[in-house]
Amino acid sequence: MPGVRLENFGGASTGAFDETVDYYGGRPHPDTWRAAARERIERIRKGDVTLRVLDAAGRPVPRAQVRVQQQRHGFRFGSEAPAARLVDTKDPDNLRFQREVLRQWWTRWHGTTGPDGTATLRAFYGRHRVTAEAGGKRAEAIVELSPGKATVAVLHVK
């Protein structure tokens with residue numbers, strides 16, 4: 001997982017991280033806050049990226065396979081979790097946690113360009129590796145997505 005920093009706050013018993021704790025003390029806890037939180041994430045931490053794939057002659061390449069993999073976030077954020085949750089490579093529960101963090105908070109996208117050779121997606125702000133493949137040819141670029149800036153990446157498959 002890229003960009004992980006661990007801090008040791010001293011020893012704690014394994015019971016200190018019991019994941020079945022009922023923080024609401026049996027009271028109802030509606031998820032009404034989630035929709036507003038997701039909307040803020042979309043508005044504040046993400047932007048549109050347009051990818052344009054061209055051939056060696058500068059013509060648009062329809063149906064090119066495009067992949068976007070985020071390498072670094074534009075915002076710093078953290079999480080309170082036992083270190084094993086983020087770095088363990090064996091425990092199935094920890095591996096599932098890592099997959100969920102990547103799925104929820106890192107841009108990983110695979111798509112195909114349209115007839116005009118473009119593909120557009122929403123992505124978290126930060127640095128992304130973009131690859132395009134068509135007709136056995138490949139192009140790769142690093143794309144920085146920043147707030148308030150239109151992001152268009154042109155990839156020439158040769």
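Observations, loosely collected:
- Residues of segment 25-76 satisfying the condition of being of a type in the set (Lys, Arg), farther than 21 Å from GLY114 by Cβ and free of Cβ contacts under 8 Å to residues at least 60 places away in the same chain: ARG27, ARG34, ARG38, ARG40, ARG43, ARG76
- GLY126 vs. criteria of a type in the set (Gly, Ala, Ser) and either buried (at least 17 other Cβ atoms within 10 Å of the Cβ) or touching a Pro at 6+ places or on another chain (Cβ under 7 Å) (or both): yes
- Residue count, segment 41-89 (criterion: over 17 Å from the mean Cα position of the chain (by Cα) and of a type in the set (D, E, K, R)): 7
- Condition broken by LEU86, with the remaining ones in (1) at pLDDT 95 or above; (2) touching a helix residue (DSSP H, G or I) at 6+ places or on another chain (Cβ under 7 Å) satisfied: (1)
- Of all residues in segment 89-112, those that are at pLDDT below 90 and among the β-branched types (Val, Ile, Thr) total 1.
- Filter result (closer than 15 Å to GLN71 by Cα and not in a strand (DSSP E or B)) within segment 96-146: VAL101, LEU102, ARG103, GLN104, TRP105, TRP106, THR107, TYR125, SER146
- Within segment 35-83, the set of residues being among the charged types (D, E, K, R), assigned to a loop (DSSP other than H, G, I, E, B) and at pLDDT 90 or above comprises ASP55, ARG59, ARG63.
- Single residue of segment 95-112 satisfying the filter (within 9 Å of the chain's Cα centre (by Cα) and among the polar types (S, T, N, Q)) that is surrounded by the fewest Cβ atoms within 10 Å (Cβ to Cβ): GLN104
- Residue within segment 44-53 that is under 25 Å from TRP105 (Cα atoms) and surrounded by fewer than 13 Cβ atoms within 10 Å (Cβ to Cβ) present: yes
The values are calculated or read from the model by the stated rules, or taken from the named source; none is laboratory data. All values derive from a computational prediction rather than experimental measurement. No Cβ is skipped: glycine too gets one built from the backbone with ideal geometry, and neighbour counts run over all protein chains shown.
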